[in-house]
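What follows draws every value from the coordinates through simple rules; no lab data is involved. These numbers come from a predicted model, not from an experiment. Using ideal geometry, Cβ is built from the backbone for each residue, glycine included, and neighbour counts are taken over all protein chains shown.
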Amino acid sequence: MRHSLVPAGLRYADQVARSGSIQKAARELHVAASAINRQILQLEDALGVPLFERLPRGMRLTASGEALITLARRWRQDERRLVGEIRRIEGVHQGHVALVAMDSHATSVLPALVGELGAQHPLVSLSIELATPDDAEVVLMAGKADLAAIFNLAPRRELLVLWKAELPLGCVVAPGHALAQRQSVSFQEATAHPVALQSKALTIRRHLEAQYSWLFKEASRCVETNSLQLAKQLALGGRHLMFTSELDVAPELADGRLVFVPIRDRGAEPQGISVVVDAARPPGAIVKLVAERLIAALQAALAAARGEGARGA
């Protein structure tokens, strides 16, 4: 579309919120600072409340401003979906989709998704944000994303699940590790070896602490990190193991660099992966198209991991 359906005042206010000042927003938008300031003043006058705190070094949203900007961003997402739907009606798959996903998807699922869309639907563009499960849910509910792939999502009426799969909890080790040939392993057996632990920001770690708090008493045998890539490198080194699902290490399982050994303890609940949208904003044709390709990429990653590197899955 040549011109946005979202009023200029809302678009200008959104950019000021992102940039932190009118001057920076003016440079980003190639619009005079006076024009942006005038639009914001008009909005504040119409609503009868200040939208920004004027600070010596910039602008900060008030609570009312945050509510308005959330609405403005939803409208811009809706506008993109509308354009995509119009293009679909006209026989053209064109549009933009904002996706939020997990860090582990960056090395397997997301490259496959981007490659597939680029080859089959070059007029569909993506923006991809990586986040923790908690943050991904917040991003989706705030209207900053159209689609999300989230680990261990708790059921919520506000979210529409398009697809989900259970992921057995396991111990991941290098092929030369002492546990690599086991058909299953208990937590007690596993923690006799050094462990690379995910940080408390992840739901899998919170689950382990709630159910198996004794695992963390021998802290000297554990390395804690918020980096999945570092945890994987430690496991690949052959000395450490990590507790996770197959999808977190799908490429390494597929090519045989790591081995997945299921945890057999009673109460070792499966993890989960869900592809979801905001239930209040049913997905348009372009979001559905990307969701279908995302689901296919997730299924392919799991199939490769289980076919070549998984044990007991």
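Points to keep in mind about this one:
- Single condition A180 does not satisfy, out of (1) out of contact with any Phe, Trp or Tyr (no Cβ under 9 Å at 6 or more places or on another chain); (2) in a helix (DSSP H, G or I): (2)
- Among residues that are of a type in the set (A, V, I, L, M, F, W, C), surrounded by fewer than 12 Cβ atoms within 10 Å (Cβ to Cβ) and closer than 30 Å to E85 by Cα, L10 is not included.
- Residue tally, condition among the acidic types (D, E) and surrounded by 15 or more Cβ atoms within 10 Å (Cβ to Cβ), over segment 141-180: 1
- 2 or more residues over 9 Å from the mean Cα position of the chain (by Cα): qualifying strands (runs of 3 or more DSSP E) within segment 84-152: 95-101, 124-130
- Of the residues making up segment 247-271, those that are in contact (Cβ under 8 Å) with a residue 24 or more places away in the chain and part of a loop (DSSP other than H, G, I, E, B) are D255, G256, R257, L258, R264, D265, G267, A268, E269, P270.
- Candidates L230, L208, L197, L234, filtered to the one that is without any contact (Cβ under 8 Å) to a residue 60 or more places away in the chain, assigned to a strand (DSSP E or B) and either touching a strand residue (DSSP E or B) at 6+ places or on another chain (Cβ under 9 Å) or surrounded by 21 or more Cβ atoms within 10 Å (Cβ to Cβ) (or both): L197
- Of note, A250 does not satisfy the criterion of being buried (at least 21 other Cβ atoms within 10 Å of the Cβ), in contact with a helix residue (DSSP H, G or I) (Cβ under 8 Å, 6 or more places away or on another chain) and more than 20 Å from R306 (Cα to Cα).
- Residues (touching a Lys or Arg at 6+ places or on another chain (Cβ under 9 Å) and either farther than 30 Å from R206 by Cα or surrounded by fewer than 18 Cβ atoms within 10 Å (Cβ to Cβ) (or both)) located in segment 125-140: E129, V138
- Of the criteria (1) under 30 Å from the mean Cα position of the chain (by Cα); (2) part of a helix (DSSP H, G or I); (3) polar (S, T, N, Q), which one N37 fails: (1)
- Filtered residues of segment 7-30 (kept if in a loop (DSSP other than H, G, I, E, B) and either hydrophobic (A, V, I, L, M, F, W, C) or more than 27 Å from the chain's Cα centre (by Cα) (or both)): P7, S21, H30
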